[in-house]
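Asks: Handing you this structure, nothing more for now.
The values are calculated or read from the model by the stated rules, or taken from the named source; none is laboratory data. Bear in mind the structure is a predicted one, so any value in this text is a computation, not a measurement. Methodologically, a virtual Cβ is constructed for each residue, glycine included, from the backbone with ideal geometry; neighbour enumeration extends over all protein chains shown. Keep in mind that these areas ignore ligands, DNA and RNA; they rest on the heavy atoms of the full protein, side chains included. Shrake-Rupley method; radii C 1.70, N 1.55, O 1.52, S 1.80 Å.
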Amino acid sequence: MSHIVTIEKMVAGGDCMTKIQGKNVFVPYAIPGEKVSVDITKSFRDYDLAEIREIIEPSAHRAKPFCPLYGKCGGCNMQHIDFDYQIELRKGILRDSFVREGLKVPEIEVVSGAEKGYRSRIQLTDGGFNEKGSGSVVRIDFCPVATEEINSYLAKTPWNERPAGRTHIFGDRRVLGENHVIIADEKDKSQAQEKIIGESKKKSRLKVKKNTYFKGSVQDEKNLCSVELLGKRIDFDTRGFFQSNLEVLEKSIGKIMLNTGGKNVLDMYAGCGTFSVFLSDIFEKTTLVEHNRDAIVFAEKNLLGKKHESYGQSGEKWVSDNAPKILCDNGGFDAVVIDPPRSGMEKGVRDWLCKNKTGQIRSVSCNPSTHARDAAFLVKSGYSLEKLYLLDFYPQTSHIESLAFFDYFDS
(Lines give C-alpha, C1' and ligand atoms only; values in the text may rest on other atoms or scores of the structure.)
Protein backbone atom coordinates (compact mmCIF):
# COMPACT_ATOMS: atom_id res chain seq x y z
CA MET A 1 0.00 0.00 0.00
CA SER A 2 1.40 3.38 -1.01
CA HIS A 3 1.14 6.57 1.04
CA ILE A 4 1.28 10.15 -0.22
CA VAL A 5 3.31 12.29 2.20
CA THR A 6 5.16 15.60 2.41
CA ILE A 7 8.79 15.29 3.50
CA GLU A 8 9.51 17.27 6.68
CA LYS A 9 13.28 17.38 7.14
CA MET A 10 16.58 15.61 6.61
CA VAL A 11 18.15 13.85 9.59
CA ALA A 12 21.65 12.64 10.41
CA GLY A 13 22.64 9.91 7.98
CA GLY A 14 20.96 11.59 5.00
CA ASP A 15 17.49 10.04 5.11
CA CYS A 16 14.49 12.35 5.24
CA MET A 17 11.69 12.12 7.76
CA THR A 18 7.93 12.28 7.44
CA LYS A 19 5.01 10.91 9.45
CA ILE A 20 2.32 8.39 8.59
CA GLN A 21 -0.50 8.11 11.15
CA GLY A 22 1.72 9.82 13.70
CA LYS A 23 4.63 7.41 13.28
CA ASN A 24 8.06 8.57 12.09
CA VAL A 25 8.99 7.27 8.64
CA PHE A 26 12.47 7.59 7.15
CA VAL A 27 12.84 7.92 3.37
CA PRO A 28 16.20 7.86 1.53
CA TYR A 29 16.82 10.00 -1.57
CA ALA A 30 14.06 12.46 -0.71
CA ILE A 31 14.36 16.24 -0.17
CA PRO A 32 12.59 18.36 2.47
CA GLY A 33 9.36 19.89 1.17
CA GLU A 34 8.74 17.30 -1.55
CA LYS A 35 5.40 15.53 -1.93
CA VAL A 36 6.06 11.87 -2.67
CA SER A 37 4.34 8.52 -2.79
CA VAL A 38 6.15 5.96 -0.62
CA ASP A 39 5.94 2.28 0.19
CA ILE A 40 6.87 0.97 3.65
CA THR A 41 9.79 -1.47 3.33
CA LYS A 42 10.47 -2.28 7.00
CA SER A 43 8.43 -1.65 10.09
CA PHE A 44 9.71 -1.30 13.65
CA ARG A 45 7.98 -0.43 16.91
CA ASP A 46 8.94 3.26 16.92
CA TYR A 47 9.53 3.99 13.23
CA ASP A 48 9.25 2.69 9.68
CA LEU A 49 11.55 2.69 6.66
CA ALA A 50 10.15 3.52 3.24
CA GLU A 51 11.19 3.98 -0.36
CA ILE A 52 9.98 6.48 -2.93
CA ARG A 53 7.48 5.07 -5.41
CA GLU A 54 6.78 8.37 -7.18
CA ILE A 55 7.87 11.99 -6.80
CA ILE A 56 4.63 13.97 -7.09
CA GLU A 57 5.95 17.48 -6.39
CA PRO A 58 9.76 17.58 -6.70
CA SER A 59 11.87 20.09 -4.82
CA ALA A 60 13.40 23.00 -6.73
CA HIS A 61 16.70 21.71 -5.32
CA ARG A 62 16.41 18.25 -6.92
CA ALA A 63 19.29 17.59 -9.32
CA LYS A 64 20.16 14.85 -11.75
CA PRO A 65 22.88 12.60 -10.24
CA PHE A 66 26.10 12.88 -12.23
CA CYS A 67 27.31 9.35 -11.45
CA PRO A 68 25.73 6.38 -13.30
CA LEU A 69 26.30 4.20 -10.22
CA TYR A 70 24.49 6.56 -7.83
CA GLY A 71 22.18 4.57 -5.57
CA LYS A 72 23.98 1.34 -6.39
CA CYS A 73 27.42 2.20 -5.03
CA GLY A 74 27.49 2.51 -1.25
CA GLY A 75 29.27 5.88 -1.25
CA CYS A 76 27.40 9.10 -2.13
CA ASN A 77 23.84 9.67 -0.94
CA MET A 78 23.18 13.36 -1.77
CA GLN A 79 23.90 13.67 -5.50
CA HIS A 80 20.16 14.14 -6.12
CA ILE A 81 20.39 17.54 -4.37
CA ASP A 82 22.05 20.67 -5.76
CA PHE A 83 25.34 21.40 -4.07
CA ASP A 84 24.49 24.71 -2.37
CA TYR A 85 21.41 23.19 -0.77
CA GLN A 86 23.40 20.14 0.32
CA ILE A 87 25.55 22.48 2.38
CA GLU A 88 22.49 24.10 3.94
CA LEU A 89 21.10 20.69 4.87
CA ARG A 90 24.39 19.60 6.46
CA LYS A 91 24.51 22.89 8.37
CA GLY A 92 20.96 22.28 9.56
CA ILE A 93 21.76 18.80 10.86
CA LEU A 94 24.81 20.16 12.68
CA ARG A 95 22.82 23.05 14.16
CA ASP A 96 19.98 20.77 15.29
CA SER A 97 22.45 18.49 17.08
CA PHE A 98 23.74 21.39 19.17
CA VAL A 99 20.27 22.89 19.77
CA ARG A 100 19.00 19.55 21.10
CA GLU A 101 21.68 19.78 23.78
CA GLY A 102 20.31 23.16 24.86
CA LEU A 103 23.20 25.14 23.40
CA LYS A 104 23.08 28.62 21.95
CA VAL A 105 24.60 28.11 18.50
CA PRO A 106 26.63 30.84 16.81
CA GLU A 107 26.24 31.39 13.06
CA ILE A 108 27.74 28.31 11.45
CA GLU A 109 30.61 29.08 9.08
CA VAL A 110 31.43 26.71 6.24
CA VAL A 111 34.86 25.46 5.20
CA SER A 112 34.40 23.87 1.79
CA GLY A 113 36.16 23.05 -1.46
CA ALA A 114 35.47 21.36 -4.79
CA GLU A 115 32.18 19.44 -5.06
CA LYS A 116 33.72 16.76 -7.34
CA GLY A 117 37.19 15.29 -7.85
CA TYR A 118 38.12 15.91 -4.24
CA ARG A 119 38.46 12.48 -2.64
CA SER A 120 42.10 11.44 -2.23
CA ARG A 121 41.44 8.12 -0.52
CA ILE A 122 39.29 5.18 -1.60
CA GLN A 123 38.97 1.53 -0.61
CA LEU A 124 38.48 -1.19 -3.17
CA THR A 125 37.14 -4.66 -2.47
CA ASP A 126 38.32 -7.16 -5.06
CA GLY A 127 38.98 -4.25 -7.39
CA GLY A 128 35.60 -2.51 -7.04
CA PHE A 129 33.30 -0.68 -4.65
CA ASN A 130 30.90 -2.35 -2.25
CA GLU A 131 27.31 -2.30 -3.45
CA LYS A 132 24.84 -0.48 -1.21
CA GLY A 133 23.00 -2.87 1.09
CA SER A 134 24.61 -6.06 -0.21
CA GLY A 135 27.83 -8.02 -0.20
CA SER A 136 28.29 -7.63 -3.94
CA VAL A 137 31.09 -5.69 -5.60
CA VAL A 138 30.39 -2.93 -8.13
CA ARG A 139 32.83 -2.71 -10.99
CA ILE A 140 34.36 0.77 -11.11
CA ASP A 141 36.58 2.39 -13.73
CA PHE A 142 35.86 6.04 -12.88
CA CYS A 143 34.63 7.77 -9.74
CA PRO A 144 33.56 11.40 -10.25
CA VAL A 145 34.21 12.39 -6.63
CA ALA A 146 37.72 10.88 -6.62
CA THR A 147 40.84 12.80 -7.58
CA GLU A 148 42.32 12.81 -11.04
CA GLU A 149 45.23 10.71 -9.75
CA ILE A 150 42.97 7.95 -8.44
CA ASN A 151 40.92 7.92 -11.62
CA SER A 152 44.11 7.62 -13.63
CA TYR A 153 44.96 4.45 -11.67
CA LEU A 154 41.45 3.05 -12.22
CA ALA A 155 41.61 3.77 -15.94
CA LYS A 156 45.06 2.26 -16.42
CA THR A 157 44.59 -0.84 -14.27
CA PRO A 158 42.42 -3.57 -15.83
CA TRP A 159 39.85 -5.22 -13.61
CA ASN A 160 41.68 -8.57 -13.56
CA GLU A 161 44.99 -6.94 -12.55
CA ARG A 162 43.72 -5.23 -9.42
CA PRO A 163 44.55 -6.77 -6.02
CA ALA A 164 42.11 -9.20 -4.44
CA GLY A 165 40.64 -8.40 -1.04
CA ARG A 166 40.65 -4.91 0.42
CA THR A 167 42.97 -2.31 -1.09
CA HIS A 168 43.62 1.22 0.13
CA ILE A 169 44.49 3.81 -2.51
CA PHE A 170 45.65 7.34 -1.75
CA GLY A 171 46.16 9.64 -4.70
CA ASP A 172 46.49 13.41 -4.97
CA ARG A 173 48.72 16.03 -6.56
CA ARG A 174 50.07 16.69 -3.04
CA VAL A 175 51.35 13.11 -2.68
CA LEU A 176 55.12 13.13 -3.02
CA GLY A 177 56.45 10.70 -5.60
CA GLU A 178 56.43 10.07 -9.31
CA ASN A 179 52.81 8.95 -9.75
CA HIS A 180 51.20 10.78 -6.81
CA VAL A 181 49.42 7.49 -5.95
CA ILE A 182 50.13 4.97 -3.17
CA ILE A 183 48.47 1.53 -3.21
CA ALA A 184 48.39 -0.63 -0.09
CA ASP A 185 46.97 -4.11 0.25
CA GLU A 186 45.15 -4.86 3.50
CA LYS A 187 46.57 -8.41 3.45
CA ASP A 188 50.08 -7.02 3.96
CA LYS A 189 48.98 -5.43 7.21
CA SER A 190 47.30 -8.52 8.68
CA GLN A 191 50.20 -10.79 7.75
CA ALA A 192 52.76 -8.39 9.22
CA GLN A 193 50.74 -7.98 12.43
CA GLU A 194 50.43 -11.71 12.88
CA LYS A 195 54.18 -12.01 12.57
CA ILE A 196 54.85 -9.25 15.10
CA ILE A 197 52.36 -10.53 17.66
CA GLY A 198 53.64 -14.07 17.30
CA GLU A 199 57.25 -13.10 17.92
CA SER A 200 56.91 -12.11 21.54
CA LYS A 201 54.11 -11.89 24.06
CA LYS A 202 56.12 -9.17 25.75
CA LYS A 203 55.54 -6.74 22.89
CA SER A 204 51.76 -6.88 23.31
CA ARG A 205 52.27 -5.64 26.90
CA LEU A 206 54.71 -2.92 25.91
CA LYS A 207 54.70 -0.08 28.43
CA VAL A 208 54.50 3.33 26.87
CA LYS A 209 56.86 6.17 27.67
CA LYS A 210 57.09 9.59 26.11
CA ASN A 211 59.04 9.94 22.86
CA THR A 212 59.53 6.17 22.56
CA TYR A 213 59.38 4.34 19.25
CA PHE A 214 57.28 1.21 19.36
CA LYS A 215 59.22 -1.85 18.29
CA GLY A 216 55.96 -3.74 17.93
CA SER A 217 54.53 -1.38 15.31
CA VAL A 218 54.24 -2.44 11.70
CA GLN A 219 55.79 -0.32 8.97
CA ASP A 220 56.34 -1.15 5.33
CA GLU A 221 57.97 1.35 3.01
CA LYS A 222 55.69 0.46 0.11
CA ASN A 223 52.67 1.55 2.18
CA LEU A 224 54.26 4.83 3.25
CA CYS A 225 52.47 7.90 1.93
CA SER A 226 54.03 11.36 2.11
CA VAL A 227 51.98 14.45 1.37
CA GLU A 228 52.89 18.12 1.27
CA LEU A 229 50.37 20.27 3.11
CA LEU A 230 50.88 24.03 3.26
CA GLY A 231 54.59 23.56 2.59
CA LYS A 232 55.15 20.82 5.18
CA ARG A 233 55.76 17.11 4.63
CA ILE A 234 53.59 14.67 6.55
CA ASP A 235 54.11 10.88 6.46
CA PHE A 236 51.49 8.25 7.27
CA ASP A 237 50.55 4.65 6.53
CA THR A 238 48.14 4.42 3.60
CA ARG A 239 46.31 1.59 5.40
CA GLY A 240 45.53 3.83 8.38
CA PHE A 241 43.23 6.82 8.57
CA PHE A 242 44.11 10.14 6.97
CA GLN A 243 41.71 12.84 5.80
CA SER A 244 40.72 12.25 2.20
CA ASN A 245 39.89 15.82 1.18
CA LEU A 246 43.24 17.60 1.31
CA GLU A 247 41.92 20.92 0.05
CA VAL A 248 39.48 21.19 2.94
CA LEU A 249 42.10 19.79 5.35
CA GLU A 250 44.49 22.63 4.46
CA LYS A 251 41.74 25.19 4.99
CA SER A 252 40.73 23.56 8.29
CA ILE A 253 44.31 23.68 9.56
CA GLY A 254 44.27 27.41 8.91
CA LYS A 255 41.10 27.80 10.97
CA ILE A 256 42.48 25.73 13.86
CA MET A 257 45.60 27.92 14.02
CA LEU A 258 43.52 31.10 13.98
CA ASN A 259 44.25 33.51 16.86
CA THR A 260 46.11 30.98 18.98
CA GLY A 261 49.68 30.42 20.11
CA GLY A 262 51.70 30.45 23.32
CA LYS A 263 53.85 28.24 25.49
CA ASN A 264 52.17 24.82 25.80
CA VAL A 265 49.60 23.06 23.61
CA LEU A 266 47.98 19.64 23.91
CA ASP A 267 47.05 17.66 20.79
CA MET A 268 44.63 15.00 22.07
CA TYR A 269 43.89 12.04 19.76
CA ALA A 270 46.76 13.31 17.64
CA GLY A 271 46.93 10.57 15.00
CA CYS A 272 50.10 10.93 12.95
CA GLY A 273 50.56 14.48 14.22
CA THR A 274 49.02 16.44 11.34
CA PHE A 275 47.84 19.30 13.55
CA SER A 276 50.93 19.14 15.78
CA VAL A 277 53.22 19.75 12.81
CA PHE A 278 51.64 23.20 12.51
CA LEU A 279 50.96 23.81 16.22
CA SER A 280 54.66 23.32 16.94
CA ASP A 281 55.38 26.46 14.90
CA ILE A 282 53.28 28.70 17.13
CA PHE A 283 53.71 27.04 20.54
CA GLU A 284 56.96 26.52 22.42
CA LYS A 285 56.11 22.92 23.33
CA THR A 286 53.59 20.44 21.92
CA THR A 287 52.25 17.39 23.78
CA LEU A 288 50.67 14.62 21.72
CA VAL A 289 48.41 11.83 22.98
CA GLU A 290 47.44 8.97 20.64
CA HIS A 291 46.63 5.35 21.51
CA ASN A 292 47.45 3.91 18.06
CA ARG A 293 51.09 2.82 18.19
CA ASP A 294 51.54 2.89 14.40
CA ALA A 295 50.21 6.45 14.17
CA ILE A 296 52.37 7.78 17.02
CA VAL A 297 55.50 6.43 15.33
CA PHE A 298 54.66 8.55 12.29
CA ALA A 299 53.93 11.50 14.57
CA GLU A 300 57.44 11.19 16.00
CA LYS A 301 58.83 11.20 12.49
CA ASN A 302 56.72 14.17 11.41
CA LEU A 303 57.76 16.25 14.44
CA LEU A 304 61.46 15.44 14.26
CA GLY A 305 63.42 18.46 15.50
CA LYS A 306 60.39 20.10 17.12
CA LYS A 307 60.08 20.48 20.90
CA HIS A 308 57.43 17.96 21.85
CA GLU A 309 56.44 14.97 23.94
CA SER A 310 54.32 12.11 22.66
CA TYR A 311 52.35 9.60 24.70
CA GLY A 312 51.15 6.40 23.06
CA GLN A 313 48.15 5.67 25.24
CA SER A 314 44.44 6.37 25.53
CA GLY A 315 43.27 9.79 26.59
CA GLU A 316 41.87 8.49 29.87
CA LYS A 317 45.13 6.70 30.67
CA TRP A 318 47.12 9.85 29.94
CA VAL A 319 44.79 11.92 32.14
CA SER A 320 45.17 9.56 35.09
CA ASP A 321 48.86 8.62 34.73
CA ASN A 322 50.66 11.59 33.19
CA ALA A 323 48.61 14.80 33.19
CA PRO A 324 49.13 15.66 36.90
CA LYS A 325 52.93 15.55 36.64
CA ILE A 326 52.96 17.45 33.32
CA LEU A 327 50.84 20.24 34.80
CA CYS A 328 53.09 20.34 37.85
CA ASP A 329 56.30 20.49 35.80
CA ASN A 330 55.20 22.69 32.89
CA GLY A 331 52.18 24.57 34.10
CA GLY A 332 48.81 24.50 32.36
CA PHE A 333 48.17 24.28 28.64
CA ASP A 334 47.44 27.48 26.80
CA ALA A 335 45.34 25.57 24.28
CA VAL A 336 44.00 22.10 23.52
CA VAL A 337 43.26 20.72 20.08
CA ILE A 338 41.11 17.61 20.32
CA ASP A 339 39.95 15.32 17.51
CA PRO A 340 38.27 12.24 19.02
CA PRO A 341 36.75 9.21 17.23
CA ARG A 342 33.05 9.04 16.37
CA SER A 343 32.22 8.02 19.93
CA GLY A 344 33.45 11.43 21.11
CA MET A 345 35.70 12.35 24.00
CA GLU A 346 36.40 9.72 26.60
CA LYS A 347 34.60 10.60 29.83
CA GLY A 348 37.85 11.01 31.74
CA VAL A 349 39.21 13.39 29.10
CA ARG A 350 36.01 15.42 29.01
CA ASP A 351 35.91 15.66 32.81
CA TRP A 352 39.56 16.72 32.86
CA LEU A 353 38.92 19.50 30.34
CA CYS A 354 35.92 20.70 32.32
CA LYS A 355 37.95 20.78 35.52
CA ASN A 356 41.19 22.32 34.24
CA LYS A 357 39.71 25.25 32.30
CA THR A 358 42.16 25.62 29.42
CA GLY A 359 41.95 29.07 27.86
CA GLN A 360 41.26 27.77 24.34
CA ILE A 361 39.87 24.49 23.05
CA ARG A 362 39.71 23.72 19.34
CA SER A 363 37.40 20.70 19.06
CA VAL A 364 37.21 18.72 15.79
CA SER A 365 34.61 15.99 15.33
CA CYS A 366 33.28 13.55 12.74
CA ASN A 367 29.99 13.03 14.59
CA PRO A 368 27.69 16.01 15.27
CA SER A 369 25.71 14.24 18.02
CA THR A 370 28.72 13.35 20.17
CA HIS A 371 30.31 16.73 19.39
CA ALA A 372 27.20 18.46 20.70
CA ARG A 373 27.06 16.19 23.75
CA ASP A 374 30.66 17.01 24.68
CA ALA A 375 30.10 20.69 23.93
CA ALA A 376 27.22 20.78 26.40
CA PHE A 377 29.47 19.49 29.19
CA LEU A 378 32.13 22.09 28.38
CA VAL A 379 29.62 24.95 28.31
CA LYS A 380 28.04 23.84 31.59
CA SER A 381 31.49 23.88 33.20
CA GLY A 382 32.09 27.51 32.22
CA TYR A 383 33.41 27.49 28.65
CA SER A 384 31.89 29.69 25.98
CA LEU A 385 31.07 28.29 22.52
CA GLU A 386 32.53 31.07 20.37
CA LYS A 387 32.60 29.58 16.86
CA LEU A 388 31.16 26.60 15.03
CA TYR A 389 32.29 25.49 11.57
CA LEU A 390 30.93 22.91 9.18
CA LEU A 391 34.04 21.25 7.75
CA ASP A 392 32.63 20.06 4.44
CA PHE A 393 35.06 17.20 3.82
CA TYR A 394 32.61 14.96 1.96
CA PRO A 395 30.43 16.72 -0.65
CA GLN A 396 27.66 14.57 -2.19
CA THR A 397 27.32 12.69 1.11
CA SER A 398 25.56 13.28 4.43
CA HIS A 399 28.80 12.86 6.38
CA ILE A 400 29.38 15.86 8.65
CA GLU A 401 32.58 17.04 10.31
CA SER A 402 32.77 20.12 12.46
CA LEU A 403 35.10 22.42 14.35
CA ALA A 404 34.13 24.27 17.50
CA PHE A 405 36.01 27.02 19.37
CA PHE A 406 35.60 27.03 23.13
CA ASP A 407 37.11 29.81 25.23
CA TYR A 408 37.33 30.10 28.99
CA PHE A 409 37.43 33.59 30.43
CA ASP A 410 38.75 33.60 34.00
CA SER A 411 36.73 36.17 35.90
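Asks: Mean shadow of the stretch 363-411, computed from the convex hull of its alpha carbons, in nm²?
Replies: Value for the stretch 363-411: 3.3 nm².
Asks: Please give the contour-minus-distance gain from Arg62 to Arg139: 0.36 nm per residue of separation, less the Cα-Cα distance, rounded to one decimal in nm.
Replies: Gain on extension, Arg62 to Arg139, equals 25.0 nm.
Asks: Would you tally the net charge around Leu304, using a Cβ to Cβ cut-off of less than 13 Å, leaving Leu304 out, and scoring K and R as +1, D and E as -1?
Replies: Value of the local net charge: +3.
Asks: Restricting everything to alpha-carbon atoms, can you work out Rg to Rh for the stretch 287-327 with a Kirkwood hydrodynamic radius?
Replies: 0.99
Asks: Take each of the peptides 269-279, 10-20, 157-167, 49-59, average the number of other beta-carbon atoms within 10 Å over its residues, and list them starting from the highest.
Replies: Top to bottom by mean Cβ count within 10 Å: 269-279, 10-20, 49-59, 157-167.
Asks: What whole-number distance in Å separates the alpha-carbon centres of the stretch 3-55 and the stretch 253-305?
Replies: Centre-to-centre (Cα) distance: 44 Å.
Asks: Could I ask something else about it? Once neighbouring chains are kept in place and the probe is 1.4 Å, which whole percent of the accessible area of the chain is contributed by carbon and sulfur?
Replies: 49 percent
Asks: How much area per residue is accessible in the chain when the probe is 1.4 Å and only protein heavy atoms are counted (Å²)?
Replies: That works out to 48 Å² per residue.
Asks: Next question. Any idea what diffusion coefficient the stretch 21-97 gets from Stokes-Einstein, in µm²/s, Kirkwood Rh on alpha carbon pairs, 10 °C, 1.306 mPa s?
Replies: D, rounded to a whole number, is 114 µm²/s.
Asks: Continuing with the same structure: Any idea how many Lys pairs in the stretch 309-411 come in under 21 angstrom at the alpha carbon, given 8 or more places apart or on separate chains?
Replies: For the stretch 309-411, qualifying lysine pairs total 13.
Asks: Ok, one more. From largest to smallest, what semi-axes in whole angstrom does the stretch 53-106 give when each is the square root of 5 times an eigenvalue of its alpha carbon gyration tensor?
Replies: Over the Cα atoms of the stretch 53-106, the semi-axes work out to 28, 14, 11 Å.
Asks: Over the Cα atoms, compute the radius of gyration (one decimal) and Dmax (the largest Cα-Cα distance, rounded to a whole number) for the stretch 57-175, in Å.
Replies: Values for the stretch 57-175 (Cα only, Rg and Dmax): 17.4, 55 Å.
Asks: Once both labels are modelled 7 Å past Cα along the beta-carbon direction, what's the Asp39-Leu229 spacing in nm?
Replies: The answer from the label model is 4.6 nm.
Asks: Still on this structure: Which value at 222 nm does the chain reach when only helices count, each DSSP H run of 4 or more adding -39,500 (n - 2.57), with the total divided by all residues and rounded to the nearest 500 deg cm²/dmol?
Replies: -8000 deg cm²/dmol
Asks: Taking the C-alpha atoms of the stretch 326-411, how large are the radius of gyration and the largest Cα-Cα span, Dmax, in Å?
Replies: Here Rg and the maximum Cα pair distance are 13.5, 48 Å.
Asks: Sequence gap at least 6, Cα distance under 8 Å: using those rules, report the relative contact order of the stretch 27-95 to the nearest whole percent.
Replies: Once divided by the residue count of the stretch 27-95, the mean separation gives 27 percent.
Asks: Over 26 Å between Cα atoms: which of Lys72/Lys222; Lys156/Lys222; Lys222/Lys251 fall into that group?
Replies: Lys72/Lys222; Lys222/Lys251
Asks: Now, a different point. Evaluate the relative contact order of the chain (contact order divided by residue number), counting alpha-carbon pairs under 8 angstrom at least 6 apart; express in whole percent.
Replies: 14 percent
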